[in-house]
1. How big is the stretch 74-121 on each of its three principal axes, counting only the C-alpha atoms and giving the largest first in Å?
2. To the nearest whole percent, what portion of all C-alpha pairs in the stretch 5-106 is separated by more than 17 angstrom?
3. Ignoring everything except DSSP H segments at least 4 long, calculate the 222 nm mean residue ellipticity for the chain; use -39,500 (n - 2.57) per segment, divide by total residues, nearest 500.
4. Taking 7 Å along the Cα-to-C-beta vector as the label spot, tell me the residue 190-residue 172 distance in nanometres, rounded to one decimal.
5. By average Cβ neighbour count within 10 Å, what is the ranking of 74-81, 139-146 from highest down?
6. What are the equivalent ellipsoid semi-axes of the chain, built from the alpha-carbon gyration tensor (square roots of five times its eigenvalues), in whole angstrom, biggest first?
Amino acid sequence: MNIKELQNTQINKALAYTLGLIYPLYKEKKLNGREYILGCVNHNAGKVTQDELNKHFRDVYKMFKECMGSSAPEIKTNKTAEYTISPKEGFTVLVEKAGVSEIECIKILTHKVQEIAKSSIEIKKEFVKGCFDGRASWDTTAHYLSIDVDRVYERQDLVIEIIESLGIVINNNRRDINHKKNDQIRIKPDSLDYFMSNIGLYSACRTNIVEKAMRLL
């Protein structure tokens, strides 16, 4: 799939999940001479088992094929002997830029996420699942489930609007403008049980981490 095809594809669960992976923290990479937008599933080394990764990959791949068939986005493992998309363990959903500028790509993605904001609850859930499925981290001190987001407040507000429309209470950690770390959107402890019961994650690894942490709250 390329960004122009994404622009013209009707919103479905697979596309909503893909946008959830991509939109909060926009990343690009050139592979074999082609430029891609990345929706990364990342784990630190030693923090995920191969069985957990395999299950996650299979579940996402199955959903993509059921929803989009041969037009589904490409999925690649993060590291092989031929390339490295991310140094971390996991896999990445790829959308080819097809010569479109970064600014225009973000405009297209924003328009599609705005469509999600007006879509059904099930579509919104899949988007939110994508947001937290790929790179969420557990804050052991504050007991938040957090994702890093770009310091672009209009885009943050759009993501927050969708999350909160599902009844999830969040904390928006907006750092100083020149802070080296990314801003964060964090699910508060009081909403974790609702989130896991009603939305959940495809990631077996992150599901295990959150469920174990919840038992200790």
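Since every read-out is calculated from the coordinates, none of them should be taken as a lab result. What you see is a predicted model; the values in this text were computed from it and never measured. No Cβ is skipped: glycine too gets one built from the backbone with ideal geometry, and neighbour counts run over all protein chains shown.
1. Each principal axis gives a Cα extent; for the stretch 74-121 these are 42, 30, 16 Å.
2. So the portion of pairs separated by more than 17 Å is 53 percent.
3. Counting only the DSSP helices, I get -14000 deg cm²/dmol.
4. Distance between the two pseudo-spin positions: 1.8 nm.
5. Packing proxy ranking, top to bottom: 139-146, 74-81.
6. 25, 20, 18
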